[in-house]
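Novice: Once you've had a glance at the structure underneath, I'll fire off some questions.
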Amino acid sequence: MPREDLSKLKIDSSARKNVAGGRKKKPFLIAGAMILLAVGVILYRLGVIAPSATVDVTTVSMIYPAQSLSVLNASGYIVAQRKAAVASKVTGRLTELLVEEGSRVRKGQILARMESGDVAAMKEQGTANLANARAMLKQALVERDHAAQENARYQKLIAGGYVAQSDYDMIHTRYLRSLEAVKAAQAAVESAGAALAHAEVNLDYTLIRAPFDGVVLTKNADVGDIVTPLSASATSKAAVVTLADMDSLQVEVDVSETSITLIGVGQPCDIQLDALAERRFRGEVHAIVPTVDRSKATVLVKVRFRDKDPRMLPDMSAKVSFLSRELTPEELPPRLAVHQAALVETKDKTIVYRIEDNKARETVVRLGGKLGDMREVLSGLKPGDRAVLKPLGLQDGARIKVAER
């Protein structure tokens, strides 16, 4: 074999160094992996890198005890049972409007004035005619009294034979005519008085007054508009303002005809207004209108308020809960409550897993009575807190993920 071929069989010293270095690094890599595995186990047991548990949640909220006594719920609107479109009985031009939307008025209060020059003149004429009729009556009374005296004197003279019968007949006839003249004058006074009263009524018609205590809802006419009860032309107005009696406000709801047997007149109700959501109002069934709406298969039910609020307005939307019994004074205020499925009973305490920073925090609570599916919370939680529903096997501090609905 040539010498140069033997030289190729030698092992390179640099290769021997690389192999030796690789054998030395392998134990270090294995040790590092074991350390990382041990740290991971520890962190997993501590819950730091534990997988998030998907849970259902509920919100701690304020509820009213009436919710647990409801036998039927319905929606409707506030309606004024006494409402009027106020207008004049005569046709005329509006000269003054004394109220606006939202004005509170009393019965008989002047809301607007119409032009009244012609009827005012008629009233003055009626006043003058009445004064003239009264003067004529006084004159007739004076003539009657004078004729009565003459008639009495001639009766004595005719009895003594001192005057002729024809003279007595003339005086007696004058007396009878004076009596009829007094009656005619009295009738003229009454006629003039009636004409004056008619003129005064017509003048009063030009003053548009409130028919009852209430609040102005809408203004239908402005100064300068022609107001007529017949609304004969396109530019004329039939009403000046629309007025509602706020003491007559009731909630009208439609109840399915299949559920109407659950309701009776006088039944207590709980009323919630969307505009005043922070408060509930007591009510009772006032009337069940004995007519079924064929198109909706519903019956109209009127619920009157026991509690009033000046902020109530017609056409506000309302929700009515028909209750199985009357509420006691203690049941009227709202109570803090949580769903019973969020409670975990132990030997000495009751806990709730409250959600905080995507973790379940064990919270001890003190409970009150049952409110349907809810339970009153006396301490430990506050409104708006979220709690885990059915927290079986959940640990304090466990990472959670809220289930999507």
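The values are calculated or read from the model by the stated rules, or taken from the named source; none is laboratory data. Fair warning: this is a prediction, and the values are worked out from it, not measured in the lab. Positions of Cβ are generated from backbone atoms using ideal geometry, with glycine treated the same way; all protein chains shown enter the neighbour counts.
Novice: With the structure loaded, tell me whether L141 is modelled with pLDDT of 90 or more and in contact with a Gly (Cβ under 8 Å, 6 or more places away or on another chain) or whether it fails that test.
Specialist: For L141, the condition - modelled with pLDDT of 90 or more and in contact with a Gly (Cβ under 8 Å, 6 or more places away or on another chain) - is not met.
Novice: Given the conditions (1) in contact (Cβ under 8 Å) with a residue 60 or more places away in the chain; (2) not small (G, A, S); (3) not assigned by TED's automatic domain parsing to the domain that holds V105, and given that I226 satisfies all but one, which numbered condition is not satisfied?
Specialist: (3)
Novice: Tally up the residues in region 126-149 that are loosely packed, with under 14 Cβ neighbours inside 10 Å and within 60 Å of the chain's Cα centre (by Cα), please.
Specialist: Here the count works out to 3.
Novice: I want to confirm something. Restricting to region 234-267 and keeping residues that are free of Cβ contacts under 8 Å to residues at least 60 places away in the same chain and of a type in the set (V, I, T), which single residue is farthest from A66 (Cα to Cα)?
Specialist: Of everything passing the filter in region 234-267, T235 is farthest from A66 (Cα to Cα).
Novice: Next question. Pairs please, first residue from region 128-142 and in the same structural domain as A195 (by TED's automatic domain parsing), second anywhere and exposed (fewer than 15 other Cβ atoms within 10 Å of the Cβ), Cβ atoms under 8 Å, 6+ apart in sequence or on different chains.
Specialist: A133/S191; A140/A184
Novice: When you look at D307, is it in contact with a strand residue (DSSP E or B) (Cβ under 7 Å, 6 or more places away or on another chain), surrounded by fewer than 16 Cβ atoms within 10 Å (Cβ to Cβ), farther than 27 Å from L389 by Cβ and at pLDDT below 90, yes or no?
Specialist: yes
Novice: Mind checking which residues of region 358-393 are surrounded by fewer than 16 Cβ atoms within 10 Å (Cβ to Cβ), touching a strand residue (DSSP E or B) at 6+ places or on another chain (Cβ under 6 Å) and among the small types (G, A, S)?
Specialist: Across region 358-393, the qualifying residues are G368, G369, S379.
Novice: Taking the condition of being closer than 19 Å to A140 by Cβ and surrounded by 15 or more Cβ atoms within 10 Å (Cβ to Cβ), how many residues in region 150-173 meet it?
Specialist: Total satisfying the criteria: 4.
Okay, residues lined up against (1) more than 21 Å from R104 (Cβ to Cβ); (2) surrounded by fewer than 19 Cβ atoms within 10 Å (Cβ to Cβ); (3) among the hydroxyl-bearing types (S, T, Y); (4) touching a strand residue (DSSP E or B) at 6+ places or on another chain (Cβ under 7 Å):
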position	(1), (2), (3), (4)
R209	no, yes, no, yes
V216	no, no, no, yes
L243	no, no, no, yes
T261	yes, yes, yes, no
G266	yes, yes, no, yes
I271	yes, no, no, yes
A275	no, yes, no, no
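Novice: Hey, another quick one. Find the residue count for region 321-357, including only residues that are closer than 25 Å to K302 by Cα, surrounded by fewer than 16 Cβ atoms within 10 Å (Cβ to Cβ) and not charged (D, E, K, R).
Specialist: The qualifying residues number 5.
Novice: Something else about it: Of all residues in region 126-161, which are under 12 Å from A185 (Cα atoms) and among the basic types (K, R)?
Specialist: Answer for region 126-161, where residues must be under 12 Å from A185 (Cα atoms) and among the basic types (K, R): R134, K138, R144.
Novice: Those residues that are modelled with pLDDT of 85 or more and not aliphatic (A, V, I, L, M), I need them from region 363-376; list them, please.
Specialist: Within region 363-376, T363, R366 qualify.
Novice: Can you pull out every residue in region 83-130 that is farther than 25 Å from A197 by Cβ, hydrophobic (A, V, I, L, M, F, W, C) and touching a Pro at 6+ places or on another chain (Cβ under 8 Å)?
Specialist: Residue satisfying the conditions is A84 alone.
Novice: Kindly list the number of the only condition in (1) out of contact with any helix residue (DSSP H, G or I) (no Cβ under 8 Å at 6 or more places or on another chain); (2) at pLDDT 90 or above; (3) surrounded by 13 or more Cβ atoms within 10 Å (Cβ to Cβ) that fails for R294.
Specialist: In the conditions (1) out of contact with any helix residue (DSSP H, G or I) (no Cβ under 8 Å at 6 or more places or on another chain); (2) at pLDDT 90 or above; (3) surrounded by 13 or more Cβ atoms within 10 Å (Cβ to Cβ), R294 misses (3) alone.
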